[in-house]
Amino acid sequence: MKQMIELNVNGVKEEVLIEPWWTLAEVLRDQLNLMSVKVGCNKGDCGSCTVLVNGEAVKSCLLLAAKANGKDIVTVEGLSMDDKLDPLQEAFIEHFAVQCGFCTPGMILCAKALLNENPDPTEQEIREALRGNLCRCTGYVKIIEAVLAAKGRLNIRSSR
Amino acid sequence: MRFELLRPQTLTEALTLLDKYRERGKIIAGGTDLLVNIKDRLINPDYVIDIDNIPALSDMHYDGEQLLTIGAGATIRTLERSDDVAKKCPVITQAAGQLGSIAIRNVATVGGNLCSAIPSADMAPALIGLGSRVKLTSLQQQRIVALEDFFTGPHTTVMRPDELLTEIEIPLPKPGTKGIYLKHAIRGTMDCAIVGVAVIISISASGNNCQDIRIVLGAVAPTPIRARNAEAIVRGQDIDGFLVNKCAEMAAHEATPISDARASAEYRREMTKIFTRQALRALWQDMSVDS
């Protein structure tokens, strides 16, 4: 039986009629057109479906949409406000951390969750935060560099 | 997948639903194990009972003396980040930090990990090593089962279809007790363990005599197992390198691993020896790590 849920997605309240077995990934993509949320393995292994739920990184392919009712959801679409890119997005571009781009939204959001909580992570902490995300293109080095660069940028901005 | 999702607001409601639907229903807490099984078509429940809206199931409390009680609905991340757990039994903090990834831990629950009953369940070895007990609750009754006796085979436990695992009781380790959980896996914490080893050891104040020890192996038998013969080698003895090696060899002997996509039985058996030895050495030599 379908039910109505309310999600606060990238700052916008969305009401969606869902089947109980739909995952958050399906709802964000198919009902709300947020295509940055990728479905790769559909089993919680690749991390390309990662979104932030109430600020925490969550694999949206394994979260029933009904369980996200009333929660704040952030996807990569929500990171660029007023056409300005988030420092993480800028850093990913500048450091060539994007090749095919499939893993990128998940990587950025996991990094975002980390930096929100820990503005000065070590490289090991960054690797730990990204452990659930697979990349088949870059070999991860540039991604780690991008996050390190972004943390520097965020620190500069916040100290202004 | 197709099912009806039921969202009880109280424990009694949840138990009533379990009692009504039994084998046709499945409990969902975080869902990181259940949804994978449904997507893989290993199970096909008509009803999925969501216990996420019962806050009491996520409580953690300490009775002030001996017992830490963790609600089955507590997320792995909560356990990992809890100062209380880190102070009182850091081996649980360590085990929690080796389950999946942060995104999984934000959603997965300790009760769910135990009820999945996969032989490599990351929370099991440390909890068994601490002598933990689980509370199984149904409409009719409550019973307490030693976690060591909880698992009966891969994906099977002593739980009846109308029971819910509600709490995990952890007797706090006495002063002078240390613990460690080592996980050997291909993709780090994200993979199921090829071998998981938890060692909890009480060492005398003089620093060398093993007063008590528990060695629990994950992923190398149909269930997590105590390596009792290996424990007997060390218990009551003064620890030295020779004893550590003998103990590790016996642990490998007690393992009954299978060959699968991740590793061969022979490799698992060898790694049981290596990681048991590593665990013992780490505890024996690192006197400043508390359990």
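The values are calculated or read from the model by the stated rules, or taken from the named source; none is laboratory data. Computed from a predicted structure; not experimentally measured. Glycine also receives a Cβ, built like all others from the backbone with ideal geometry; neighbour counts cover every protein chain displayed. Surface areas here come from the heavy atoms of the whole protein model, side chains and all, with no ligands, DNA or RNA. Shrake-Rupley method; radii C 1.70, N 1.55, O 1.52, S 1.80 Å.
Comparing Cα centroids, region A:61-105 and region B:64-101 end up 30 angstrom apart. Working note: 222 nm ellipticity from helices only, DSSP H runs with n ≥ 4, each -39,500 (n - 2.57), summed and divided by the residues of chain A, gives -9000 deg cm²/dmol to the nearest 500. Every helix of 4 or more DSSP H residues in chain B counts as -39500 (n - 2.57), and over all residues that averages to -9000 deg cm²/dmol at 222 nm.
When Rg and the Kirkwood Rh are both derived from Cα coordinates, the Rg/Rh ratio for region B:71-115 amounts to 0.93.
Convex hull volume of the Cα atoms of chain A, normalised per residue: 107 Å³.
Summed over both chains, the contact between B and A buries some 2400 Å² of accessible surface at a probe radius of 1.4 Å. Ratio of Rg to Rh for region A:58-149: 0.97 [Cα atoms; Kirkwood radius as inverse mean 1/r over pairs]. A convex hull fitted to the Cα coordinates of region B:100-147 yields 86 cubic angstrom per residue. Cysteines in chain A that lack a partner Cβ within the 4.7 Å cut-off: A:CYS100, A:CYS110, A:CYS137. Shape annotation for region B:168-275: C-alpha extents along the principal axes are 45, 33, 21 Å, from largest to smallest.
Per residue, region B:23-87 exposes an accessible area of 50 Å² to a 1.4 Å probe, with every protein chain left in place. Peptide B:29-36 has a mean of 5 when you count, residue by residue, the C-beta atoms of other protein chains within 10 Å of its C-beta. Solvent exposure of region B:233-291 amounts to 54 Å² per residue of accessible area, where only protein heavy atoms count and the probe is 1.4 Å. Heavy atoms of the protein chains alone define the surface here; on that basis chain A has 47 Å² accessible area per residue at 1.4 Å probe size.
Of all lysines in the structure, those lying under 16 Å Cα to Cα from B:LYS183, and not within fewer than 8 positions of it along the same chain, are B:LYS273. If you split all Cα-Cα distances of region B:22-97 into 10 Å bins from zero, what percentages do you get per bin, shortest first? Each 10 Å bin holds this share of Cα pairs: 17, 39, 28, 15, 1. Using a/c under 1.5 as the rounded threshold, could you call region B:1-59 rounded, prolate or oblate? The axes a ≥ b ≥ c are square roots of the C-alpha gyration tensor eigenvalues, and prolate needs a/b larger than b/c, oblate otherwise. In terms of gyration-tensor shape, oblate. For chain B, the alpha-carbon radius of gyration amounts to 1.00 times the rule-of-thumb value 2.2 N^0.38 Å expected for a compact globular protein. Of the listed residues B:LEU6, B:LEU42, B:LEU114, the order by accessible area with a 1.4 Å probe, largest first, is B:LEU42, B:LEU6, B:LEU114.
When the listed pairs A:LYS67/B:LYS88; A:LYS38/A:LYS142; A:LYS38/B:LYS87 are checked against a 30 Å cut-off, the alpha-carbon distance exceeds it for A:LYS67/B:LYS88; A:LYS38/B:LYS87.
Per the Debye calculation on the protein assembly as shown with a single equal scatterer at every Cα and no solvent contribution, log₁₀ I(q)/I(0) for q = 0.10, 0.13 Å⁻¹ amounts to -0.76, -1.21.
Inter-part distance, region B:208-287 to region A:1-44, computed on C-alpha centroids, equals 46 Å. Ligands, DNA and RNA left out, the accessible area of chain B computed with a 1.4 Å probe is 49% carbon and sulfur. With a 1.4 Å probe rolled over the protein heavy atoms of all chains, the accessible area of B:ILE168, B:ILE144, B:ILE225 falls in the order B:ILE144, B:ILE225, B:ILE168, largest first.
The eigenvalues of the Cα gyration tensor, multiplied by 5 and square-rooted, give region B:72-158 an equivalent ellipsoid with semi-axes of 21, 14, 13 Å from largest to smallest. Relative contact order of chain B, taken over Cα pairs closer than 8 Å and 6 or more residues apart, is 15 percent. Excluding same-chain neighbours fewer than eight residues apart, the lysines reachable from B:LYS39 by a Cα-Cα span under 16 Å are A:LYS43, A:LYS59, B:LYS26. Summarised in one figure, the compactness ratio Rg/Rh of region B:57-203, Cα atoms and Kirkwood Rh, is 0.94.
Of A:ARG29, A:ARG136, A:ARG127, the residue with the greatest mean-square motion in the GNM of chain A, using alpha carbon springs below 10 Å, is A:ARG136.
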